[in-house]
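The values are calculated or read from the model by the stated rules, or taken from the named source; none is laboratory data. Note that the structure is predicted; figures quoted are calculated from it, not measured. Cβ coordinates were reconstructed from backbone atoms using ideal geometry, including for glycine residues, and neighbour counts include every protein chain displayed.
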Amino acid sequence: MPTIAINRRATFDYSILEKYEAGLVLLGAEVKSIKSGRISLKESFVTIKGGELYLTNANIPKYSFAGNLKSYEPTRPRKLLVKKSEIKRLLGKTHAQGLTLIPLRVYTKRRLVKLEFALAKGKKSFDKRSDIAKREAGRKIERALKK
């Protein structure tokens with residue numbers, strides 16, 4: 001399962017509670033563009049509309065070798081393929097507990113393009129500062145052990 005794109009900002013801004021896997025509904029040229037590594041999950045999120053999940057704001061640029069694609073929109077919402085029972089569970093948790101759905105990474109599984117997304121809770125600024133302090137303390141310890 002080679003990873004194509006990772007949302008590095010997700011683990012810094014959110015506390016990950018549960019991870020899910022979903023298929024993406026894409027056009028042929030979008031698949032080629034993604035497999036060549038041209039996708040950005042920066043500032044993207046997962047929304048629930050009409051009982052279906054959509055990946056919103058993910059930037060998939062036009063495939064350079066594709067023909068004339070009229071009215072191609074790189075940041076259009078893309079449908080996610082998830083079981084209805086999971087959608088109902090996610091819908092309940094996002095409304096009741098105030099949680100959000102964020103994409104973590106895009107990867108290939110055999111010949112399919114998959115998205116790993118997470119049910120997450122936003123971190124406060126003091127949570128982020130404590131994470132940074134822990135990381136720096138770990139680095140200092142490793143430096144001291146090397147000397």
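Structure above, values below:
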{"quantity": "Residue among 67, 50, 98, 28 that is closer than 30 Å to residue 129 by Cα and without any contact (Cβ under 8 Å) to a residue 60 or more places away in the chain", "calculated": "98"}
{"quantity": "Some residue of the range 26-41 being within 24 Å of residue 124 (Cβ to Cβ), of a type outside the set (Gly, Ala, Ser) and out of contact with any helix residue (DSSP H, G or I) (no Cβ under 7 Å at 6 or more places or on another chain)", "calculated": "yes"}
{"quantity": "Hey, residue 57 over 20 Å from the mean Cα position of the chain (by Cα), polar (S, T, N, Q) and either over 23 Å from residue 13 (Cβ atoms) or surrounded by 15 or more Cβ atoms within 10 Å (Cβ to Cβ) (or both) or not", "calculated": "no"}
{"quantity": "Qualifying residue in the range 85-100 (condition: surrounded by 19 or more Cβ atoms within 10 Å (Cβ to Cβ), among the polar types (S, T, N, Q) and at negative phi)", "calculated": "no"}
{"quantity": "Filter pass, residue 120 being touching a residue at least 24 places away in the same chain (Cβ under 8 Å), out of contact with any Lys or Arg (no Cβ under 9 Å at 6 or more places or on another chain) and among the aliphatic types (A, V, I, L, M)", "calculated": "yes"}
{"quantity": "Condition met for residue 17 (surrounded by 12 or more Cβ atoms within 10 Å (Cβ to Cβ), outside any helix (DSSP H, G or I) and in contact with a Leu (Cβ under 6 Å, 6 or more places away or on another chain))", "calculated": "yes"}
{"quantity": "Checking residue 104 against (1) without any contact (Cβ under 8 Å) to a residue 24 or more places away in the chain; (2) under 22 Å from residue 31 (Cα atoms), the condition it does not meet", "calculated": "(1)"}
{"quantity": "When residues of the range 107-135 are limited to those that are of a type outside the set (Lys, Arg) and surrounded by fewer than 10 Cβ atoms within 10 Å (Cβ to Cβ), the one farthest from residue 25 (Cα to Cα)", "calculated": "126"}
{"quantity": "Checking residue 20 against (1) at pLDDT below 95; (2) touching a helix residue (DSSP H, G or I) at 6+ places or on another chain (Cβ under 9 Å), the condition it does not meet", "calculated": "(1)"}
{"quantity": "Given (1) within 16 Å of the chain's Cα centre (by Cα); (2) more than 15 Å from residue 118 (Cα to Cα); (3) in contact (Cβ under 8 Å) with a residue 12 or more places away in the chain, number of the condition residue 33 does not satisfy", "calculated": "(1)"}
